[in-house]
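This report refers to the structure that appears directly beneath it.
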Amino acid sequence: MGLLDRRLLFVTGKGGVGKTTVSAALARCAVAGGRRVLLCQADGAGSLAAAFDVPPAGFDPVEIEPGLHLMAMDTEASLREYLKLHLRLPLGGRLGPLATVFDFVAGAAPGVKEILSVGKIAYEVRERHYDLVVVDAPASGHVISQLAAPQGIRELVAVGLIRNETEWMGDLLADPEVTAAVLVATPEEMPVTETLELLGRIRSETEVSVAAIVVNRVLPELFNRREAALFDRLAEPGDWRSELVRHNGDAVHHVLEAAALATRLRRSRAAHLARLRDAAPDVAQVYLPFLFARPHGTRAVQLLADALSAELD
Amino acid sequence: MAPARSRRPVARVVDARLDQLVAASDVVLTCGAGGVGKTSVAAALAATAAAQLDAKVLVLTVDPAKRLATAMGLSGFGNTETVVGREAFAAAGVQPRGELWAAMLDTKASWDELVGRHAPDEATRDAILANPLYRNLTSTFVQSHDYIAMERLHEIHASGRYDLVVVDTPPSSHAIDFLDAPARMAEFFASRLLRWLIAPYRSRLANLASKPFQAVADRLLGASFLADIAEFFLLFQSMYDGFVERAKSVEQTLRDPTTSFLVVTTLEAGPVQEATFFCEELGRRGLRLGALVCNRTLPAGLGDPAARTLADQWQRHPEQAAAVVPTGADDGPPRAGADPQERERLVQVFATMGQSFIDYAMLAAREAELAGRIAPLAERRVVIAQLDHDIAELGHLLELGRSMWPS
C-alpha cells in the first residue's frame with residue numbers, strides 16, 4: 001500500500017531535521033495526485049505557514065492552494081468545538097474559566113490535552129472532510145503521548161464522555177490502512193539514534209503503524225571508487241597537486257579542501273544511513289537530497305515534493 | 001600557503017575565547033535550538049576547562065548521544081556524578097590540571113528525591129510517589145524536565161562541590177521555557193485555581209460559583225477522575241512552602257552574576273532565529289549572555305573569490321582542467337594514468353570538484369550573511385568549525401574545545 005493512500009499521516013522526528021518541510025512536501029505530493037489534503041500544525045508554532053509563505057493559519061482550516069488546506073491545532077478551540085457538538089452548551093466566548101481548569105488538569109494528566117488534539121484530527125478523518133490529513137506532529141517523545149492518548153485516557157479515566165470517544169479514535173489510529181506515522185531523520189548520529197528509539201517506542205507504546213522513515217538532507221556521493229582514487233592523488237601533496245598549483249595558483253588548495261570536506265562529511269553520514277538501514281530493515285526508507293540552493297520556503301517544499309514523488313513511484 | 005591542510009578542523013576565532021568568561025563564572029548554561037550541538041559544546045567547554053584550570057568541573061547533561069556519553073566516561077543513565085578518569089585524558093595526550101566530572105539528568109529520580117525532601121511526612125511522600133497522576137506528571141509533564149534541570153543545578157551549585165558547573169539545558173519546544181520553570185512551579189502551587197480545585201473535596205461544600213464548571217468537567221471526565229486529581233493536588237500542596245522557597249532560590253542562582261549563558265547556534269535560518277530570540281530574551285530578563293557560539297561553520301576558503309573562479313572553470317571546462325595533470329603518458333613506461341578511460345574519469349573528478357565547491361560556497365555565503373545578522377547580539381562570539389567526524393572520545397571534545405580556548 002502506497003504511503004499517500006492512507007488517510008492520516010503523523011509526521012514526526014527529532015527537532016531540527018526538517019519535519020515541517022517534509023510534511024509540507026508530502027501534502028503537496030498528495031495534492032498533485034488529485035487529493036484533498038488537510039495539513040495540520042500540531043504545536044501551533046506556525047512554521048508550516050512559513051514553508052508556504054502564507055500567514056499563520058488558525059483552528060479553522062484555510063485553503064492555501066487548490067486542494068490544500070492548512071490549520072493549526074488549538075486544544076482550547078478543539079474543546080469548544082467538541083462541547084458545542086456534543087453538549088450543546090451555550091458557551092459563546094465564555095469558555096475562559098473552564099479552559100483554565102482544563103489547562104490545569106491537562107498539565108497533570110497529559111492524555112487530556114493530547115486527546116483533544118488527536119480527537120480533532122481523528123474527527124476530520126472519520127467525517128471524510130478530506131482525502132488525507134497530514135499532521136506536522138510534535139517532536140520525538142511528545143508525539144508518543146499524542147499517539148497513545150486514547151489508551152492513556154482509557155487507563156486513567158473510568159467513565160465520562162471523553163472516555164467514550166477513545167474507542168473509535170483508538171480503532172482509527174490502530175488501523176494501518178488508515179493511519180500511519182512517518183519518521184523524519186537526517187543521516188547524523190543523534191537524529192538516527194532518536195529515530196530508532198522513537199520507532200521502538202511507537203511500536204511498543206502505541207498502536208499506530210510506522211509506514212516509512214524519510215531521511216532528509218542526504219549529501220550527494222561525489223566520487224565512485226575509481227574516481228576517489230584519482231581525487232586522493234590530486235589532494236595528496238605530490239606531483240599532481242604541485243602541477244595544479246603551478247597552473248592555477250593557491251586557490252587550488254581551497255577547492256581541493258572543500259571537496260575533501262564534502263567527501264568526509266558524506267562518508268561519516270553514510271555510516272549513519274547504514275546503521276539506520278540495518279536497525280530498521282522492515283521499514284521503507286525514502287531518501288531526500290540535501291538542498292544546497294534553497295533550504296527553506298515554497299521552493300524547497302516543491303523540490304522535496306518532486307524528489308518524494310520520484311521516490312514513492 | 002600550506003599544502004593539504006591537516007584533517008583537524010581549524011578554528012576561526014572572530015572575537016573571543018571563553019577562558020576569561022569561565023574564570024569569572026561558577027555556572028555556565030548552554031542553550032539554543034535542538035540539533036545545534038549544545039551538548040557537545042557544553043561537554044567540550046567543561047573538558048577544556050578541566051584540562052586547563054586547576055578546578056573541579058562538572059558537566060550536567062540531559063540526554064547526550066551515546067558516543068558523546070562514552071566520550072565523557074558515562075556508561076549508565078542516572079544522577080550519579082562520575083569522575084572522568086585521567087587515563088581518558090592521557091589517551092588524548094593531555095595532562096589535566098583539574099578534574100572533570102559528568103552527570104546525566106534523571107528526571108524521575110530527581111523528582112522522587114525532591115518529593116522526599118519536601119513532603120511533610122513519610123505517609124504523604126509514599127502517597128504522592130504511588131499516585132498515578134504523579135507518575136504522569138514527572139514523566140510527561142512538559143515542564144518537568146525544565147524545572148528539575150534548574151533544581152538540580154541549584155542543588156549542585158549550593159553544595160559547593162564544584163568550581164564550575166556547565167549545564168546543557170533540556171530540549172523543549174521553546175528554548176526559553178526552562179527559564180520560566182521555577183517561577184511557573186511557584187505560581188502553580190500558589191494559584192487560586194489549585195485551591196479552588198481542591199476546595200470542594202476539602203470542605204465538602206462546593207463553591208456555588210464553581211458548580212457549573214465542575215458539572216461540565218464531571219460530564220467530560222467523570223467525577224472519580226476529578227476526585228483523583230483533587231486528591232493528588234491536595235497531597236502535593238502539602239509541599240507548597242518548600243517548593244516556593246526552593247523555586248525562588250533556583251531563580252536566584254540563574255540571576256547570580258557568576259552565572260552566564262552560552263547561546264549556541266548553527267548558521268542556518270531556523271536556529272539563528274531561535275538564537276536571536278534567546279539573546280533578546282536574556283537581555284530582557286537581565287540575565288547574563290556570556291557568548292554566542294556559532295557551531296559547525298564551514299571553512300573560510302569557501303568564500304575565497306579566486307577559488308570560486310577556479311571552481312567555475314573546472315565545472316564548465318573540466319577537460320581543460322584535467323589536461324594540466326601529468327598522467328604519465330609523456331615519459332617513461334606507461335602508467336595507469338595514460339589509460340583513456342582514466343583520463344575521462346579525471347575529467348569527471350574535476351567537474352565534480354567544481355560543482356561541489358559551488359554548492360558548498362553557496363552554503364558558506366548564507367552562513368556569512370547569517371553571521372553578520374547575529375553579530376550585534378553578543379559582545380563575545382566564538383566560531384567553531386564543522387567537524388567531519390562524530391565525537392566518540394574525550395580527545396574529540398578537547399579538539400572542539402580548542403576553538404574556545406587560547407592554547
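So here's what we get for this one:
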item	result
Residue match in the stretch B:95-102 (condition: out of contact with any His (no Cβ under 9 Å at 6 or more places or on another chain), assigned to a helix (DSSP H, G or I) and either open to solvent by 70 Å² or more (accessible area, probe 1.4 Å) or farther than 21 Å from B:G242 by Cα (or both))	no
Residue within the stretch B:57-68 that is at pLDDT 90 or above and out of contact with any strand residue (DSSP E or B) (no Cβ under 7 Å at 6 or more places or on another chain) present	no
Selection from the stretch A:253-275 of residues that are at the interface with chain B (Cβ under 7 Å from one of its Cβ atoms) and among the hydroxyl-bearing types (S, T, Y)	A:S268
Where A:R154 falls short, out of the listed (1) open to solvent by less than 40 Å² (accessible area, probe 1.4 Å); (2) within 12 Å of another protein chain (Cβ to nearest Cβ); (3) assigned to a helix (DSSP H, G or I)	(1)
Some residue of the stretch A:172-191 being outside any helix (DSSP H, G or I) and at positive phi	no
Boolean, B:G93 is over 23 Å from B:P271 (Cβ atoms) and either at pLDDT below 90 or within 13 Å of chain A (Cβ to nearest Cβ) (or both)	no
Checking A:P295 against (1) outside any helix (DSSP H, G or I); (2) surrounded by fewer than 18 Cβ atoms within 10 Å (Cβ to Cβ); (3) modelled with pLDDT under 95, the condition it does not meet	(2)
Per-region count, the stretch A:237-250, residues open to solvent by less than 10 Å² (accessible area, probe 1.4 Å) and either more than 7 Å from chain B (Cβ to nearest Cβ) or more than 16 Å from B:L346 (Cα to Cα) (or both)	0
Cβ pairs under 6 Å, 6+ apart, first in the stretch B:46-63 and among the basic types (K, R), second assigned to a loop (DSSP other than H, G, I, E, B) and open to solvent by 20 Å² or more (accessible area, probe 1.4 Å)	B:K56/B:Y162; B:K56/B:D163
All helices (runs of 4 or more DSSP H) inside the stretch B:268-326 with 2 or more residues being crowded, with 16+ Cβ neighbours inside 10 Å, of a type outside the set (F, W, Y) and modelled with pLDDT under 95	B:269-284, B:318-323
Single residue of A:V255, A:V218 found to be modelled with pLDDT of 95 or more, within 30 Å of B:L370 (Cα to Cα) and in contact with a Lys or Arg (Cβ under 8 Å, 6 or more places away or on another chain)	A:V218
Residue satisfying condition, being modelled with pLDDT of 95 or more, closer than 30 Å to B:E342 by Cβ and in a loop (DSSP other than H, G, I, E, B), within set A:F231, A:F223	A:F223
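The values are calculated or read from the model by the stated rules, or taken from the named source; none is laboratory data. What you see is a predicted model; the values in this text were computed from it and never measured. Because the Cβ atoms are built from the backbone with ideal geometry, glycine has one as well, and the counts that use them run over all protein chains shown. Only protein heavy atoms, including side chains, enter the accessible area calculation; ligands, DNA and RNA are left aside. Shrake-Rupley method; radii C 1.70, N 1.55, O 1.52, S 1.80 Å.
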